[in-house]
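What follows is calculated from the coordinates using simple rules that are stated; it is not laboratory data. Source: prediction; values computed, not measured. Here the Cβ is made from the backbone with ideal geometry for all residues, glycine too, and neighbour counts use every protein chain on show.
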Amino acid sequence: MSTKLIDASVASTEDSATAFVTTPDRVDGFRVFKVVVSSSATILLQGRFHADDGWHTINTYTATGAESVALFPQMRTSMSGNDGTVSAWLDV
């Protein structure tokens with residue numbers, strides 16, 4: 001099942017959006033992360049082990065693509081950019 005993490009538009013360098021997901025219990029390993037970028041935006045994919053842990057950057061994306069990423073118990077995407085739209089999905 002794919003979880004849409006973020007679907008946002010940005011109009012200026014000050015615009016940003018963040019989405020957060022807790023992965024299901026007993027889900028581990030690697031899953032597919034896909035981003036669609038139709039702008040000059042940057043997507044940051046991060047994960048952490050628990051709420052008291054700091055966020056660990058998995059990868060930064062500036063173009064449309066997909067790759068296999070390690071799952072953390074908690075995952076988030078952050079987006080910032082100049083203009084356009086971005087979408088990101090995590091297959092959990």
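Between residue 91 and residue 59, the distance separating the two model label sites (each 7 Å from Cα on the Cα→Cβ line) works out to 1.2 nm. With a simple spin-label model that places each label point 7 Å from the Cα along the Cα-to-Cβ direction, the separation between residue 66 and residue 36 comes to 1.2 nm.
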